[in-house]
Amino acid sequence: VQLVESGGGLVQAGGSLRLSCAASGSTISINVMGWYRQAPGKQRELVAAITSGGGSTNYADSVKGRFTISRDNAKNTMYLQMNSLKPEDTAVYYCNAASLSDKTLDYWGQGTQVTVSS
């Protein structure tokens, strides 16, 4: 499975960005996808996750009400709509695809930089 993120950039506080993650390859065993982020000097953290059918989502407390995760299975693409961005949202955002039943199936994208200026 290959994951390619896009949509990062520089935005002012209060602005919006939408990240995309396009998946290719053998995705049949993937049943959960998520967005993680890593700020300088900090550990990578889960931002949001979504199951394959899109019926279940999970968000970090810090982004609830501001970020929305979604996926288009027909396009094998996942999105993260980020609104009301804050400087503390600045990080490299990574796309992840995994199987809940097979821990060996765990894939990462290359990351996309999001910078929020105050």
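The values are calculated or read from the model by the stated rules, or taken from the named source; none is laboratory data. These numbers were taken from a predicted model, which means no experiment stands behind them. Because the Cβ atoms are built from the backbone with ideal geometry, glycine has one as well, and the counts that use them run over all protein chains shown. Surface accessibility is based on the protein's heavy atoms, side chains included, excluding ligands, DNA and RNA. Shrake-Rupley method; radii C 1.70, N 1.55, O 1.52, S 1.80 Å.
Go over the candidates SER29, SER56, SER24 one by one and state the one that is surrounded by fewer than 13 Cβ atoms within 10 Å (Cβ to Cβ) and in contact (Cβ under 8 Å) with a residue 40 or more places away in the chain. After applying the criteria, what remains is SER24.
The sole residue among ARG37, ARG71, ARG18 that is of a type in the set (Lys, Arg), open to solvent by less than 50 Å² (accessible area, probe 1.4 Å) and either in contact with a Gly (Cβ under 8 Å, 6 or more places away or on another chain) or assigned to a strand (DSSP E or B) (or both) is ARG37.
Mind checking which residues of segment 1-15 are over 14 Å from MET82 (Cβ atoms) and open to solvent by 60 Å² or more (accessible area, probe 1.4 Å)?
Residues of segment 1-15 that are over 14 Å from MET82 (Cβ atoms), as a first pass: 1-4.
Within segment 1-15, GLN2, VAL4 meet the criteria.
For segment 80-118, name all the residues that are surrounded by fewer than 18 Cβ atoms within 10 Å (Cβ to Cβ), among the polar types (S, T, N, Q) and assigned to a strand (DSSP E or B). Listed by number, the residues that qualify are GLN81, GLN113, THR115, SER117. Among the residues of segment 46-68, those identified as in contact with a Lys or Arg (Cβ under 6 Å, 6 or more places away or on another chain) and in a strand (DSSP E or B) are VAL47, ILE50.
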